[in-house]
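To keep things clear, I will list the structure first and then write my remarks on it.
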Amino acid sequence: MPVIALQGTDTKWTCADDDTLMRSALRAGLGFPYECNVGSCGNCRFELVEGEIEHLRADPPGLTERDRDRGRRLGCQARPLNDCTIKVRLMPRYKSKIPPARHAVELVGTCDITHDIRQFRFRPLDGSSTFLPGQYALLEIPGVQGSRAYSMSNTGCDGEWQFLIRRVPGGQATNRLFEAIELKDRIVLDGPYGMAYLQEDSHRDIICLAGGSGLSPMISIARAAAQALGGRRLDFFFGGRTARDICGSDMLEELPGFGSSIHYHPAVSTSEAEGWNGYRGFVHVVAANLVGQRLPDCEIYFAGPPAMAEAVQKMLVERKVPAEQMHFDQFF
Ligand code: FES
């Protein structure tokens, strides 16, 4: 197994032959910076000082031309071919509270939530389902090159890894998941990952904003937070294009405090919303109108399509929400 050394320090760790440089560092308990895990965000950039690596994705969007010219690589895409020395700034905030690991899991149930969102329930063969509410895992789907990141919707207490996954039109991975994977089939799951998890020490009110399969991590956070809300309030916003995209209310209604401390605000963004009597407009606008004054005093979690996440972030910055109170993982 290749040994990775951090230039100018005594820090060294081993990287399994089929692992990436960044994930092996996280498994070793080191704070290697990252976010998306799929080559998009660029947070895991490092400099290769010595040794050889191969990149899993030939042209990952997280690496610019300038990065390439400077010899930078992506830790989440780099597989070392021999011992390497690298330069990267490790940061304590990226140190995993639960070191990620690969688990064989079996599909034990599915359930359609909307016309394009389905719940998938996997049971780990090793019995391990420990993760923080809001985190994600990488699924290795047979027939699909590379792994895909999906957020969990449960809290892991039930011994399962559950996901709410939106079928992407023409998407190879979701097509395989929806069409080819059957009950009792086994796949490999690698996790948990992600920094946008529930801040259990915070005493602030909570706001969750979700769109599409962003519902999954937000439901996980709401489920965990509901157990210890005390006198706090949780506002849950969910945005869809049309009425048939709207979901999540039944999951929230099961939680203690629904209707008193937990409030659900669904919104549709298009005019084709026949029979829809709820909020209309983009979810970030609806949230700004309803709870805008309170935003800077809240812990805010959001997940959804890139355009939605970007609009929410911009709105929160305009409303002067401190960066440390915004929690999201960038996927695009
Ligand atoms: Fe590697 Fe996002 S590009 S973590």
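The values are calculated or read from the model by the stated rules, or taken from the named source; none is laboratory data. Quantities reported herein were computed from a predicted structural model and do not represent experimental measurements. With ideal geometry, Cβ positions are generated from the backbone for all residues, glycine too; neighbour counts draw on all protein chains shown. Areas reflect the complete protein model, heavy atoms only, side chains present, ligands, DNA and RNA absent. Shrake-Rupley method; radii C 1.70, N 1.55, O 1.52, S 1.80 Å.
Just a few scattered comments:
- Number of positions in region 1-38 that are of a type outside the set (A, V, I, L, M) and within 16 Å of the ligand (Cβ to nearest atom): 13
- Candidates in region 73-85 are the residues that are open to solvent by less than 20 Å² (accessible area, probe 1.4 Å) and more than 10 Å from the ligand (Cβ to nearest atom); of these, the one that is nearest to Gly146 (Cα to Cα) is Pro80.
- Residue check, Val321 more than 16 Å from the ligand (Cβ to nearest atom) and open to solvent by less than 70 Å² (accessible area, probe 1.4 Å): yes
- Residue match in region 283-291 (condition: on the phi > 0 side of the Ramachandran plot, modelled with pLDDT of 95 or more and open to solvent by 70 Å² or more (accessible area, probe 1.4 Å)): no
- Identity of the residue in region 109-129, free of Cβ contacts under 8 Å to residues at least 40 places away in the same chain and assigned to a loop (DSSP other than H, G, I, E, B), that ends up most open to solvent (accessible area, probe 1.4 Å): Asp126
- Residues that are in contact with a Leu (Cβ under 6 Å, 6 or more places away or on another chain) and over 19 Å from Ala309 (Cα atoms) within region 229-263 comprise Gly257, Phe258, Ser261, Ile262, listed in sequence order.
- Unique match (being farther than 29 Å from Pro322 by Cα, surrounded by 20 or more Cβ atoms within 10 Å (Cβ to Cβ) and among the basic types (Lys, Arg)) among Arg166, Arg176, Arg244, Arg186: Arg166
- Search result, residues across region 194-240 that are in contact with a strand residue (DSSP E or B) (Cβ under 8 Å, 6 or more places away or on another chain), without any contact (Cβ under 8 Å) to a residue 40 or more places away in the chain and charged (D, E, K, R): Arg232, Arg233
- Number of residues in region 39-55 that are within 13 Å of the ligand (Cβ to nearest atom) and open to solvent by 70 Å² or more (accessible area, probe 1.4 Å): the value is 1.
- Restricting attention to region 97-108, the residues being in contact with a helix residue (DSSP H, G or I) (Cβ under 8 Å, 6 or more places away or on another chain) and open to solvent by 30 Å² or more (accessible area, probe 1.4 Å) number 2.
- Being open to solvent by 90 Å² or more (accessible area, probe 1.4 Å), in a helix (DSSP H, G or I) and over 19 Å from Pro192 (Cβ atoms) holds for only one residue in Arg89, Arg66, and it is Arg66.
- For first residues located in region 60-76 and of a type in the set (A, V, I, L, M), partners that are away from the ligand (no atom under 11 Å from the Cβ) and not in a loop (DSSP other than H, G, I, E, B) and lie 6+ apart or on another chain with Cβ distances below 6 Å do not occur.
- Looking only at residues of region 235-292 that are hydrophobic (A, V, I, L, M, F, W, C) and under 21 Å from the mean Cα position of the chain (by Cα), we find that the one that is farthest from Arg223 (Cα to Cα) is Val283.
- Within the set Ile181, Ile187, the sole residue that is among the aliphatic types (A, V, I, L, M) and in a strand (DSSP E or B) turns out to be Ile187.
- Every residue from region 130-184 that is touching a residue at least 60 places away in the same chain (Cβ under 8 Å) and acidic (Asp, Glu): Glu182
- Annotation: Ala303 fulfils all but one of (1) more than 16 Å from the ligand (Cβ to nearest atom); (2) closer than 23 Å to Asp201 by Cβ; (3) aliphatic (A, V, I, L, M); the unmet one is (1).
- Members of region 62-72 that are out of contact with any Cys (no Cβ under 9 Å at 6 or more places or on another chain) and within 12 Å of the ligand (Cβ to nearest atom): Leu63, Thr64, Asp67, Arg72
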